[in-house]
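Report on the structure given below.
The values are calculated or read from the model by the stated rules, or taken from the named source; none is laboratory data. All values derive from a computational prediction rather than experimental measurement. Cβ placement follows ideal geometry from the backbone for every residue including glycine, while neighbour counts extend to all protein chains displayed.
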């Protein structure tokens, strides 16, 4: 390669590398997602890093972004209980006379929900309920 080719290649490389590339990086608070709307109330998220682009900031407002509100739900893990009655029939609903299956003393069951002194021990259909007075928490 001669000097002219080397200079031309260097000049082209400098021009290519010095051309600004539009960035879509977001300036967000650590741990808080930043997208088309901010999660934290009244916090400003910057959409790009170009200083000449004023007006590209978004403020979180529930009125403007009704679908972007994140609600947290608590999923509770079932607790393990032991049956204390000699024999007990599971009801299909609390205070129901219809039974679905029978359990014996010492059997372990998962309790998914407690409602008015009744414990739901099935996670799927058909539902099975036992009176809480015939159960004790395992390990107690």
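Filter segment 124-140 down to the residues that are touching a strand residue (DSSP E or B) at 6+ places or on another chain (Cβ under 7 Å) and within 18 Å of residue 98 (Cα to Cα) and list them by number.
Within segment 124-140, 126, 127, 128, 129, 130, 131, 132, 134 qualify.
For segment 25-140, which fully contained strands (runs of 3 or more DSSP E) count at least 3 residues that are modelled with pLDDT of 55 or more and surrounded by 14 or more Cβ atoms within 10 Å (Cβ to Cβ)?
Per the criteria, 79-83, 87-91, 108-111, 118-120, 129-131.
Go through segment 79-94 and count every residue that is closer than 14 Å to residue 120 by Cβ and more than 35 Å from the chain's Cα centre (by Cα).
0
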